[in-house]
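Trainee: Take this structure, written in structure tokens, and hold onto it; I'll ask about it next.
The values are calculated or read from the model by the stated rules, or taken from the named source; none is laboratory data. Here the structure is a predicted model, which is why all the values come from computation and not from measurement. For neighbour counting, all protein chains shown are included, and Cβ atoms are generated from backbone atoms with ideal geometry for every residue, glycine included.
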Amino acid sequence: MLTMKDIVREGNPILRERATNVELPPQQEDIQIAKEMLEFLKNSQNPELAQKYNLRPGVGLACPQIGIPKRIIAVHTQDDQGELYSYALFNPKIVSHSVKVTYLEGGEGCLSVDRDVPGYVPRYAKVTVRGTTIKGEQVDLKLKGMPAIVFQHEIDHLDGIMFYDRINKENPFTPPSTVILNR
Ligand SMILES: Cc1nc(NNC(=O)[C@H](CC2CCCC2)CN(O)CO)c(F)c(N2CCN3CCOC[C@@H]3C2)n1
Ligand code: NI
């Protein structure tokens, strides 16, 4: 099982590289990686397991964060209606998005960043993400709210972008012109 020792931290150049597409249909090796990433997120949200294995809680994970530069992400989060979004996706990409942007009121963090970086991280309020599931099906996920933010954070990792790259340098708490999500 994946634990925090498997998570590379900022300073590792892999976090600044563009990850490569995986071969489709997904091969067993990549399916295994995707499953382990999703399992890590579930474990990290289980109080007993998180404490037992000293896991930082996570709702998303990108493959470069475990030292493998492949375009694989895992997301395990709920939206504000409490609906569960639990996906591992191969070669995900944003195929459309809203003009509107939103922010997590409390800012963002990252399992690869062992420090607080305050500030609003602008994200599209709505996105359609296209990718391939573990079953090999292509899906178009229409997302808003927390799931939309998580998928954008993870897809950024595949392009070597860290959340703090998007914080306004002059005024990190630039008043958002749109809805603010409560974390
Ligand atoms: C928002 C949040 N970010 C948590 N951590 N950071 C992460 O997931 C990073 C990715 C997220 C940072 C902002 C957007 C994506 C990891 N990243 O670096 C991957 O690239 C959380 F842990 C968390 N929640 C709320 C839901 N809760 C349910 C019960 O279990 C605990 C869990 C805690 N919400
Ligand atoms: Ni991250």
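Trainee: Pull out all pairs, ordered by first then second residue, where Cβ-Cβ is under 8 Å, the residues are six or more apart or on different chains, the first lies in the range 19-41 and is among the hydroxyl-bearing types (Ser, Thr, Tyr), and the second is assigned to a loop (DSSP other than H, G, I, E, B).
Mentor: Once the first residue is among the hydroxyl-bearing types (Ser, Thr, Tyr) and sits in the range 19-41, its partners that are assigned to a loop (DSSP other than H, G, I, E, B) give 20/69; 20/71.
Trainee: Going by the conditions given, is residue 112 within 12 Å of the chain's Cα centre (by Cα) and exposed (fewer than 15 other Cβ atoms within 10 Å of the Cβ)?
Mentor: For residue 112, the condition - within 12 Å of the chain's Cα centre (by Cα) and exposed (fewer than 15 other Cβ atoms within 10 Å of the Cβ) - is not met.
Trainee: Right, here's the next one. So which of 84, 41 is within 16 Å of the chain's Cα centre (by Cα), within 14 Å of ligand 1 (Cβ to nearest atom) and either under 16 Å from residue 136 (Cα atoms) or exposed (fewer than 12 other Cβ atoms within 10 Å of the Cβ) (or both)?
Mentor: Among 84, 41, only 84 is within 16 Å of the chain's Cα centre (by Cα), within 14 Å of ligand 1 (Cβ to nearest atom) and either under 16 Å from residue 136 (Cα atoms) or exposed (fewer than 12 other Cβ atoms within 10 Å of the Cβ) (or both).
Trainee: Filter the range 51-67 for residues that are in a loop (DSSP other than H, G, I, E, B) and free of Cβ contacts under 8 Å to residues at least 40 places away in the same chain and give the result.
Mentor: Selection gives 57 alone.
Trainee: Out of the residues in the range 57-69 that are crowded, with 24+ Cβ neighbours inside 10 Å and not hydrophobic (A, V, I, L, M, F, W, C), which is farthest from residue 45 (Cα to Cα)? Spell out the reasoning first.
Mentor: Applying the first criterion (crowded, with 24+ Cβ neighbours inside 10 Å) to the range 57-69 yields 58, 60-65.
Filter once more, so that each one left must be not hydrophobic (A, V, I, L, M, F, W, C): 58, 60, 64-65.
Working: 58: 7, 60: 11, 64: 21, 65: 18 Å.
In this case the residue turns out to be 64.
Trainee: Does residue 159 satisfy the condition of being within 12 Å of ligand 1 (Cβ to nearest atom) and surrounded by fewer than 18 Cβ atoms within 10 Å (Cβ to Cβ)?
Mentor: Considered against the rule, which asks whether it is within 12 Å of ligand 1 (Cβ to nearest atom) and surrounded by fewer than 18 Cβ atoms within 10 Å (Cβ to Cβ), residue 159 comes out as no.
Trainee: If you don't mind, there's one more thing I want to ask. Being touching a residue at least 12 places away in the same chain (Cβ under 8 Å) and outside any helix (DSSP H, G or I) is the filter here; which residues of the range 1-18 pass it? First the steps, then the outcome.
Mentor: First, the residues of the range 1-18 that are touching a residue at least 12 places away in the same chain (Cβ under 8 Å): 1-4, 6-10, 12, 14-18.
Matches in the range 1-18: 1, 2, 3, 7, 8, 9, 10, 12, 17, 18.
Trainee: Among the residues in the range 70-77, are any in contact with a Cys (Cβ under 9 Å, 6 or more places away or on another chain), buried (at least 20 other Cβ atoms within 10 Å of the Cβ) and part of a loop (DSSP other than H, G, I, E, B)?
Mentor: The answer is yes, given that some residue of the range 70-77 is in contact with a Cys (Cβ under 9 Å, 6 or more places away or on another chain), buried (at least 20 other Cβ atoms within 10 Å of the Cβ) and part of a loop (DSSP other than H, G, I, E, B).
Trainee: Now a separate question. Does residue 93 qualify as being at pLDDT below 95 and away from ligand 1 (no atom under 12 Å from the Cβ)? Break it down into steps so the answer makes sense when it comes.
Mentor: Working: at pLDDT below 95: no; away from ligand 1 (no atom under 12 Å from the Cβ): yes.
No; evaluated as a whole, the condition is false for this residue.
Trainee: While we're here: If the requirement is being surrounded by 14 or more Cβ atoms within 10 Å (Cβ to Cβ), more than 16 Å from ligand 1 (Cβ to nearest atom), without any contact (Cβ under 8 Å) to a residue 40 or more places away in the chain and on the phi < 0 side of the Ramachandran plot, which of these qualifies: 128, 133?
Mentor: Exactly one of 128, 133 is surrounded by 14 or more Cβ atoms within 10 Å (Cβ to Cβ), more than 16 Å from ligand 1 (Cβ to nearest atom), without any contact (Cβ under 8 Å) to a residue 40 or more places away in the chain and on the phi < 0 side of the Ramachandran plot, namely 128.
Trainee: A further question follows. Go through the range 87-107 residue by residue and tally those that are crowded, with 22+ Cβ neighbours inside 10 Å and within 14 Å of ligand 2 (Cβ to nearest atom).
Mentor: Going through the range 87-107 one residue at a time, the tally reaches 0.
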